[in-house]
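A quick write-up on the structure given underneath.
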Amino acid sequence: MSTLLKKARAAVMSSSKSLKKSKANNQEKNETTDKMARPKMPELVKVSYSSLPVDIPPKFLAPLDDPSDMTLTPVDFRNLSLPEYDGLFAVVLDGVLTAEECESLIKLAEMSAGGHRAADADADDAEGEKEMGKKPKSDNGWVPAMVNGGSGREYAMLDYRNSDRIIWDEKTLAKRLWTRCLQAESLKEQLQKLDGHGKHGGKYDVVLGSRRGRNWKISDQGLNERLRFLRYGEGQYFREHCDGQYTTPDGKQTSFYTLHLYLNDSLQVLSPPSSSNTTSPVAKPSIEDFDRPVCVGGATTFHSPSSQGSLDVDPKAGRVLIFQQNRLFHSGADVVGGQKYTMRSDLMYEIC
């Protein structure tokens, strides 16, 4: 009887050990599966931005002597495939900067980030970094653009945002650029004051969003001094998003509109219109035909949140696109050839 009891106890112990081992294996398997299924969280990086001093020519971006060639065209969402955006604000200004001014502005921005140093110094630095096994510094100050993570932190998300960037805090240029834009007929009247009390049918409610109910006027500075220069190479993009409103640390100013300045041409705006003349077709240009940077693709595309509708604003040197930040879903379309250069900032308002 004692022998049978010992055998029974041994069988129970063996079964218990097997069960524990099985549970442990299952737990390990589940943990491994969880790790495989759980997406990797992006690494938040603490960032701060500073710029080198740059000598800006006194007359650079001075008001135009004759602004009659500058045009303002409202974006007609209702009749251009996005009727759900009817009543939302977006305008295109053409002729704000010349192509030469755009090229100079790119170079000044690069200089603010340490670009365009002496050629021999660049060569020595690059060679020294290679010898130490380091990757040479990005060209002319351009670094990968990241996504805002809040509290002064950013993170890389290349499947959402893939481009290079220079951030330059420059009050003088921001003020000059905005003064130049205000030379466009009727722009000042449209943006100078936002009536948040609905006295004119509440037309600014869609702009002000949760901040309606008060009157706002554009700040003396006008354009936020933080100028974000962007460079998109072949295959780069910025996926669909709405621009966030920026409020100053003291809470006195906030943004309601984005200002987007295109600094070079796209092939779309340089190509001649289609012709029905089949006997003498016009040859379409390519990016190799130009001695300045040109991109293919890269439009700012407004998207419908509920349908397949979309509307493109193509890059054109000196063109400015101004649009409300609230509710306008948009993207930077893929650049399929060449390089695209732009600059964006915010129009800042204060309560009046």
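Rounded to a whole number, what is D in µm²/s for the range 185-270 from Stokes-Einstein with the Kirkwood radius over alpha-carbon pairs (4 °C, 1.567 mPa s)? Before the final figure, lay out the partial values.
Numbers: Rh = 15.8 Å.
Using the Kirkwood radius from Cα pairs, D works out to 82 µm²/s.
So if I restrict to the alpha-carbon atoms in the range 235-352, what is the Rg, and what is Dmax, the biggest pairwise distance, in Å?
Final numbers for Rg and Dmax: 17.6, 66 Å.
Please give the Cα centre distance for the range 140-180 versus the range 334-352, rounded to the nearest Å.
Measuring centre to centre over Cα atoms gives 9 Å.
Choose one of SER271, GLY251, PRO305: the residue whose Cα lies farthest towards the positive end of the charge dipole of the range 166-309 (beta-carbon charges +1 Lys, Arg; -1 Asp, Glu; about the Cα centre).
Of the options given, the answer is GLY251.
In debye, nearest 20, what is the charge dipole magnitude of the range 61-101 about its Cα centre with +1 on Lys and Arg Cβ and -1 on Asp and Glu Cβ, if you could check? Before the final figure, lay out each step's value.
Values: 1 positive and 9 negative charges, 53 e Å.
Approximately 260 debye in magnitude.
For a 24 Å ceiling on Cα separation, which of these pairs sit above it: LYS284/LYS340; LYS188/LYS252; LYS107/LYS252; LYS59/LYS171; LYS171/LYS203? Could the numbers behind the result be given before it?
Working: LYS284/LYS340 19 Å; LYS188/LYS252 21 Å; LYS107/LYS252 33 Å; LYS59/LYS171 15 Å; LYS171/LYS203 31 Å.
In this structure, LYS107/LYS252; LYS171/LYS203 exceed 24 Å between Cα atoms.
Using only Cα atoms, figure out Rg for the range 149-198 and give it as a multiple of 2.2 N^0.38 Å.
Details: Rg = 17.4 Å, N = 50, 2.2 N^0.38 = 9.7 Å.
Output field value: 1.78.
Since every read-out is calculated from the coordinates, none of them should be taken as a lab result. Computed from a prediction, not measured in an experiment: that's the story for all the values here. Methodologically, a virtual Cβ is constructed for each residue, glycine included, from the backbone with ideal geometry; neighbour enumeration extends over all protein chains shown.
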